[in-house]
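Data first, discussion second: the structure below is written as structure tokens.
None of the figures in this text is laboratory data; all of them are computed from the coordinates on show. What you are looking at is a predicted structure, and each value in this text was computed from that prediction instead of being measured. Here the Cβ positions follow ideal geometry from the backbone for every residue, glycine too, while neighbour counts run over all protein chains shown.
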Amino acid sequence: MMRQMAIAALAALMAAGCATVTITEENGIHGVAVKNTGWYLLSLIPLGSGNPEKPNRVSFKCFRDTATIENNMKLLEYAIKESGADGVKNLTSFVSDEKIFIILLKRFTIHTSAELVHDDKADADRGNGHNANN
């Protein structure tokens with residue numbers, strides 16, 4: 001039994017936290033989904049969490065609690081810059097909390113989603129050499 005728990009803990013550390021940003025477009029609507037996951041021992045001690053400084057990469061922070069709404073907002077800012085959006089609307093966040101081996105391990109994930117807003121008029125003006133400040 002201890003060997004199985006050690007293997008599970010090692011697997012959790014190897015798959016530890018994950019910070020992902022997914023940008024989609026369908027029927028002219030651009031959306032973003034952000035997810036940041038952390039693993040905790042006894043629901044208190046962080047084992048590993050996603051690295052918000054390196055989204056969509058195999059990178060995590062050991063013994064750090066980076067699965068926070070603040071870091072999800074940083075990942076959302078990253079998505080806005082990556083997509084060239086001007087902002088977001090319909091922003092929602094929720095958490096999922098899974099316990100493994102009753103109380104031994106917990107996986108905590110913060111999910112954030114929004115619709116990316118592109119100011120088409122401003123983009124058209126920039127493309128035509130117009131300055132919105134004039």
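The table below lists the values:
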| quantity | calculated |
| --- | --- |
| Environment charge of Thr109, counting only residues whose C-beta is closer than 11 Å and scoring Lys/Arg +1, Asp/Glu -1 | +1 |
| Karplus (6.51, -1.76, 1.60) ³J(HN,Hα), θ = phi - 60°, over segment 19-29, in Hz, Gly and Pro reported as x | 10, 10, 10, 10, 10, 10, 9, 8, 6, x, 9 |
| Estimated vicinal HN-Hα couplings, Hz - segment 79-89 in sequence order (Karplus 6.51, -1.76, 1.60; Gly, Pro = x) | 5, 4, 5, 4, 8, x, 6, 9, x, 9, 9 |
| Segment 23-118 - Kirkwood radius from inverse mean 1/r over Cα pairs (Å) | 14.1 |
| Per-residue HN-Hα couplings for segment 99-110 [Karplus 6.51, -1.76, 1.60; θ = phi - 60°; Hz; x = Gly/Pro] | 9, 10, 6, 6, 10, 5, 10, 9, 10, 10, 10, 9 |
| Under-5 Å amide H pairs with Leu105, H placed in peptide plane, nonlocal only | Leu42, Ile100 |
| Sequence-distant residues sharing a close amide H with His118 (under 5 Å, placed H) | Asp86 |
